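**Q** The structure's right below; bear with me while I get my questions together.
Derivation of every value follows stated rules applied to the coordinates shown; laboratory data play no part. Fair warning: this is a prediction, and the values are worked out from it, not measured in the lab. Cβ sites come from the backbone with ideal geometry, for glycine too, and all protein chains shown count toward neighbours.
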Amino acid sequence: MLKPFGAVQSSFRGVRSLNATNFRAPWPFVKKGAFGQRKIGPMNYEKFKWPGQNREFPELSPKFQKLNPKELHRYTGVQEEGYHDELSGEFVAVKEMRNEIVVPNLDGFKLGPYVSYRTDVQIEKRRIAYEKKVQEKGSERLADLHTVEDERWPPPRMSANTLFELAYGDIVRSEYKEGKYGKVAGKQE
Amino acid sequence: MLSSRVLRLPRKPFVDLDYAKHMPAAYVEKVKRTVPRKTFGDRFGAPDIKMYYVHPDDYVPSHRRPWEDKQLSEHLHRADKYFSAQLSNKFMRFRYPKNERIADTEWTFFPGDLVQVMVGKDKGRQGLILTISRDTSEVIVDGLHTKLGEDMEGSDKLGVDKTLRWQLNGAGDEYIRVSTKSGYEIPIPSQAKVTYEYLQPENYIEVEGKDTPADLVLTRTYIPKVASFEQEIMEEIGIKETRTPKPTYWY
Amino acid sequence: MWRNLPTLLSSAVRTQKFPLATARLSTDANMQQFFDDEANFGKAELRPKYRPGRAWTADELRLKSNSDLHKLWYVCLKERNMLITMRKAHVSRARNMPNPERFDRVQESMDRIEEVVHERNDAVLRLETGESAAPRERTITSFAGFTYQKPAKEHYLPPENGQKEYEVPYLDDDAYMMQKLWTEKEYMKRRDQEDDVKRRAARTDDMERFKRGAPRVFNR
């Protein structure tokens, strides 16, 4: 049952309280700055509706702001094929700036975009055989000397050391023996 | 000479037995939605700020595969909740699930194993393991609809704990599964090798035109040369370049 | 809710077939390269027979010549293009594409091709010029006092006064204060985080159950 505003609440026990809550105004008073526990009425914070970091409004992204560096103003995300000449006011195309995509001829190319899972079986066989070889020979270095390159797994990474050995190793070694780099230490003439 | 490396001895072939073994990690993360929605980078040396779809601390694993319809829609729902909490500046408590994953080297159950309930009112009932869920350490057994409860507390005395263990085989190059009580080897069932893609790798059905067969994959065509990738391709296609670039400054 | 819609739809109409390719497309072999196998149209999940294999690994790609890698890159690119086409077709009919993990498989292959090519170029460049093939980086100190790596840019002219950024051994007043406060803030964040972890570990199920308080009943 609703009680009219302003009516003094009388207790069941016959004790009349003079508490201020019992003398409420007929209209809601909104006290300025009354927050937290003492808030009155539903509060709508407009601030929460403003776009910000969490709200993902691209208009506020630094990409579209006036204060941005000049390079970003016409930024399209694509590499430019020339430059804007300020003297003549025209766009000058530069051949070197154009992207050229070199596409190979795929006719007769047999490799596909995916690998069959049967390969895993073959790889496992190779790996086990190679591990056995290593155990037999005692070290990876010795095992590498006694196995064909294709029968090792995993195949070695390419590094500058390896490439030097393959490309120049023999030449440098023979030239060293010939004495092109000065006297060979420990060798008597 | 070309030399190879990486040897793992003794081998533990059981550690990577998994139904989802071949699922790309990036895809699994994507369907779990534990990927950044947006990364605020370029902060003059301060670390990036990441906004997630579902925060990794909030992701609760399930026995279902994350890419299944039901699980996926659950993740999407959670991501929506998280996002709307952020929009309305509400505080959202992350779920911080306790990590129940047992180490790969400790795990002994595999699909296809015959298991028996050791304690409780269902004691003695048997069934074959259908699926295992490593993230939640759950096992789904065919024909058994039971749940482990408080009974597990005193299970050490009943001999439930450590029924199986991993032990080096005679040759000393591989770990095998051995029963603690009897000492017999219990081989891993063939069903454990089943993944999403195949029942057994030997019997995988190759898709014509998409899959590269093994012999083609493992043929060596690389001959090392002192020329960069671009130089070799230019030589092969017949592109000749006469211009020489002027020196530039990098700063 | 609306996000779940495609999933719900797909399970509802999974059994239906829909004509995606016209007869004209199916006859032209060159045109067909842009589309998936017709057996895969409108499926919720590919049948095992049509499910393609795994991505190329770096170890396998190390066996392949540069020309093969170049071609394989374009094979992967064509596959990705085909997948994007199929996803577009499915989405426009409110379906989910079957087996979207194919995207990630192709992406993995392409990433690894780049990795192997970089490895080879790096070896050649290190041998011939002594420099790495990786993009050039500079260590600089920002106004806020952070020292970090930044990709260097190419310029035609040498730097003018104040154009080039450097690493600074001693910070000026503002940057120093920024760094001091930053480390303090990070320390406090970490401390609070550790507290949270401990508090979470100490929480029991009962505390969770009685979090909101038991219902208070006054029977007197």
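**Q** Can you pull out the trypsin sites (Lys or Arg not before Pro) in segment C:75-128 that DSSP calls coil and that have at most 16 other Cβ atoms within 10 Å? Numbers along the way, then the final one.
**A** Details: sites: C:78, C:80, C:87, C:88, C:93, C:95, C:102, C:105, C:112, C:120, C:126; in loops: C:93, C:95.
Within segment C:75-128, the qualifying trypsin sites (Lys or Arg not before Pro) (loop, at most 16 other Cβ atoms within 10 Å) are C:93.
**Q** Can I ask one more? Which residues does a label at residue A:86 reach in segment C:136-177, if reach means a backbone N under 17 Å from a point 7 Å past the Cα toward the Cβ?
**A** C:156-157, C:160
**Q** For segment C:97-220, compute the number of Lys pairs whose alpha carbons are separated by less than 26 Å, excluding pairs fewer than 8 positions apart on the same chain.
**A** Within segment C:97-220, the lysine pair count is 10.
**Q** Which whole-number percent gives the relative contact order of segment B:67-139, counting Cα pairs below 8 Å spaced six or more residues apart?
**A** Values: 53 pairs, mean separation 17.6, N = 73.
With pairs under 8 Å counted, the relative contact order is 24 percent.
**Q** While we're here: Over all pairs of distinct alpha carbons, what does the Kirkwood formula give as the hydrodynamic radius of segment A:118-178, in Å? Mind showing how you got there, number by number?
**A** Numbers: mean 1/r = 0.0743 Å⁻¹.
Computed over Cα pairs of segment A:118-178, the Kirkwood hydrodynamic radius comes out at 13.5 Å.
**Q** Let me check against my output: what whole-number percent is the relative contact order of segment B:22-87, with C-alpha pairs under 8 Å and at least 6 apart? Intermediate results must be reported in sequence, preceding the final value.
**A** On the way: 62 pairs, mean separation 21.2, N = 66.
Value for segment B:22-87: 32 percent.
**Q** Tell me, B:132, C:84 in order of fewest to most beta-carbon neighbours within 10 Å?
**A** Details: B:132 21, C:84 12.
Result, fewest neighbours first: C:84, B:132.
**Q** Further question on the same structure: To the nearest whole number, what is the average tally of beta carbon atoms from other chains within 10 Å of the beta carbons of peptide B:91-103? Before the final figure, lay out the partial values.
**A** On the way: counts 0, 0, 0, 1, 0, 5, 0, 2, 0, 0, 0, 0, 0.
Whole-number average of other-chain Cβ neighbours for B:91-103 is 1.
**Q** Residues of C:74-80, mean number of Cβ from any other protein chain within 10 Å of their own Cβ, rounded to a whole number? Don't skip to the answer; put the middle values down first.
**A** Details: counts 7, 10, 4, 2, 2, 4, 1.
Per residue, the average neighbour count from other chains is 4.
**Q** Could you give me the percent of Cα pairs per 5 Å distance bin for segment B:58-116, shortest bin first, beginning at zero and ending with the bin that holds the maximum distance?
**A** 4, 14, 16, 17, 17, 13, 8, 5, 4, 2, 1
**Q** Among B:15, B:141, which comes first, second and so on when ranked by fewest other beta-carbon atoms within 10 Å? Please list the in-between numbers first.
**A** Numbers: B:15 13, B:141 21.
The fewest-first ordering by Cβ neighbours comes to B:15, B:141.
**Q** Here's another thing I want to ask about it. Would you please calculate the Kirkwood hydrodynamic radius of segment B:22-87 over all C-alpha pairs and express it in Å, rounded to one decimal? Please report the intermediate quantities before stating the final value.
**A** Working: mean 1/r = 0.0776 Å⁻¹.
Taking the inverse mean of 1/r over all distinct Cα pairs, segment B:22-87 comes out at 12.9 Å.
**Q** So what's segment A:90-135 giving for Rg/Rh, alpha carbon basis, Kirkwood Rh from the mean inverse pair distance?
**A** Radius of gyration over Kirkwood radius for segment A:90-135 works out to 1.44.
**Q** Return a whole-number percent for the relative contact order of segment C:138-201, with Cα pairs under 8 Å and 6 or more residues apart as the contact set.
**A** Details: 37 pairs, mean separation 21.3, N = 64.
It rounds to 33 percent for segment C:138-201.
**Q** To continue, here is another question. Taking Rh as the Kirkwood radius computed over C-alpha pairs, what is the Stokes-Einstein D of segment C:138-201 at 4 °C in a medium of viscosity 1.567 mPa s, expressed in µm² per second?
**A** Working: Rh = 14.6 Å.
Reported coefficient: 89 µm²/s.
**Q** If you don't mind, there's one more thing I want to ask. Taking neighbour counts of Cβ atoms within 10 Å as a proxy for exposure, in what order, fewest first, do C:167, C:137 appear?
**A** Values: C:167 10, C:137 13.
Fewest to most other Cβ atoms nearby, the residues stand as C:167, C:137.
**Q** Separate question: Tell me, how many Å apart are the Cα centres for segment B:26-52 and for segment C:156-187?
**A** 26 Å
**Q** Using the Cα atoms of segment C:104-220, I'd like the radius of gyration and the largest Cα-Cα distance, Dmax, both in angstrom.
**A** Just the Cα atoms of segment C:104-220 yield Rg and Dmax of 27.4, 95 Å.
**Q** On to the next question. Please compute, for the alpha-carbon atoms of chain B, the extent along each of the three principal axes and give them in descending order in Å.
**A** Principal-axis extents of the Cα atoms in chain B, largest first: 85, 61, 37 Å.
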